[in-house]
Structure formats: structure tokens, C-alpha cells
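Novice: First, the structure itself, so that you have it in front of you.
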Amino acid sequence: FLSAAKVYVHPSRWECHSIALLEALSMGIPTVVSSRMHIAPTLMKNSASVVVDPYNPENLFLAIEEAISNSDRLSENAKKCILSEFCWPEVVSNFLTRLDELLYAN
């Protein structure tokens, strides 16, 4: 299903990030993501997705058009972002850093 998509739209307002979104990004599918998601700043930093306010339907429509128009650039950036930001060593390192911060906060 995802491999046939021209764009993946994830307008969630409260979700951290979804497995389907990570799969779409890893496949290089251009994505549109809600600015309210925890993952949005990372995607913006890496120019890996079009990030949009989920409360404005017109902006969502424009974001979908932008994702389709810039599909080659978004596709490459998405794959690079997944490999650099969400690879297993990076995830484990971030987890251990946060764990240390919690354990030694006092």
C-alpha cells in the first residue's frame, strides 16, 4: 500500500510519531506531517517532510501539493533522516542519555 503512494499525510495532533510514518519516510515517500507531533522538529531540521498546522485545511492542501512538487528532494532527505536520526545506535544513545538525565537529575 505505502509503496504505491505519491504522498503520505499524517495530520495527527497529539501523536509522538507513528510506525507507519517512519515506514513511509524510510521508503522515501514524500510526507506531510502535523506541526503538533513530537517528531516534527526533527523532520523540519532534516528537510525530510512538509510540516503543517493541522488546524488549517487550506494549509494542509497546499502542503500536499508542495510534497508532490518536491517529491525527489523530500524522498532523499527522508531516507537520510531515518538513517541518521532513527537508526538503532542513535535511538539507544538517546534513550540512555535521557535515562541518565532522569536518574541523576538531583
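The values are calculated or read from the model by the stated rules, or taken from the named source; none is laboratory data. As the structure is a computational prediction, the values presented were derived from the model and not from experiment. Quick reminder, even Gly has a Cβ in these numbers, built from the backbone with ideal geometry, and neighbours come from all protein chains shown. With ligands, DNA and RNA removed, areas are computed over all heavy atoms of the protein, side chains included. Shrake-Rupley method; radii C 1.70, N 1.55, O 1.52, S 1.80 Å.
Novice: So which GluC sites (Glu not before Pro) in region 32-99 pass both tests, a DSSP loop state and at most 16 other Cβ atoms within 10 Å of the Cβ?
Specialist: Within region 32-99, no GluC sites (Glu not before Pro) qualify (loop, at most 16 other Cβ atoms within 10 Å).
Novice: Please identify the chymotrypsin sites (Phe, Trp or Tyr not before Pro) of region 34-106 that satisfy two criteria: DSSP loop assignment and at most 13 other Cβ atoms within 10 Å. Which are they?
Specialist: Values: sites: Y55, F61, F86, F95, Y104; in loops: Y55, F86, Y104.
Within region 34-106, the qualifying chymotrypsin sites (Phe, Trp or Tyr not before Pro) (loop, at most 13 other Cβ atoms within 10 Å) are Y55, Y104.
Novice: Search the structure for amide H atoms under 5 Å from the amide H of V33, placed 1.01 Å from N in the peptide plane, and list their residues when 5 or more places away or on another chain.
Specialist: When sequence neighbours closer than 5 places are left aside, the close amide H contacts are H10, V50, V51, V52.
Novice: At a 1.4 Å probe radius, carbon and sulfur cover how many percent of the accessible area of the chain? Each step should come with its number before you reach the end.
Specialist: Numbers: 3950 of 6820 Å².
It is 58 percent, rounded to a whole number.
Novice: Which whole-number percent is the relative contact order of the chain (Cα, under 8 Å, 6+ apart)?
Specialist: 25
Novice: Would you compute, from DSSP H runs of 4+ residues alone, the mean residue ellipticity of the chain at 222 nm, taking -39500 (n - 2.57) per run and dividing by the full residue count, rounded to the nearest 500?
Specialist: Working: 5 runs with 58 residues, N = 106.
After summing the helix terms and dividing by the residues of the chain, the value is -17000 deg cm²/dmol.
Novice: While we're looking at this one, here's another question. On a C-alpha basis, how far is the centre of region 28-105 from the centre of region 3-17 in Å? Whole number, if you could?
Specialist: 10
Novice: Any chance you could tell me what percent of the C-alpha pair distances in region 1-70 go past 16 Å?
Specialist: Counting every Cα pair in region 1-70, those more than 16 Å apart make up 39 percent.
Novice: Just to be sure I follow: if Rg is taken over the C-alpha atoms of region 26-106 and Rh is the Kirkwood radius over the same atoms, what is Rg/Rh? Let's see the in-between values first.
Specialist: Working: Rg = 15.3 Å, Rh = 13.9 Å.
Reported Rg/Rh, Kirkwood definition of Rh: 1.10.
Novice: Moving to a separate point now. For the chain, what is the accessible area per residue in Å² when the probe is 1.4 Å?
Specialist: For the chain, the solvent-accessible area averages 64 Å² per residue.
Novice: Let me ask another. Each residue of region 68-80 in turn: what ³J(HN,Hα) in whole Hz from Karplus with 6.51, -1.76, 1.60 and θ = phi - 60°, glycine and Pro shown as x?
Specialist: 5, 5, 10, 4, 5, 5, 4, 4, 5, 5, 5, 4, 4
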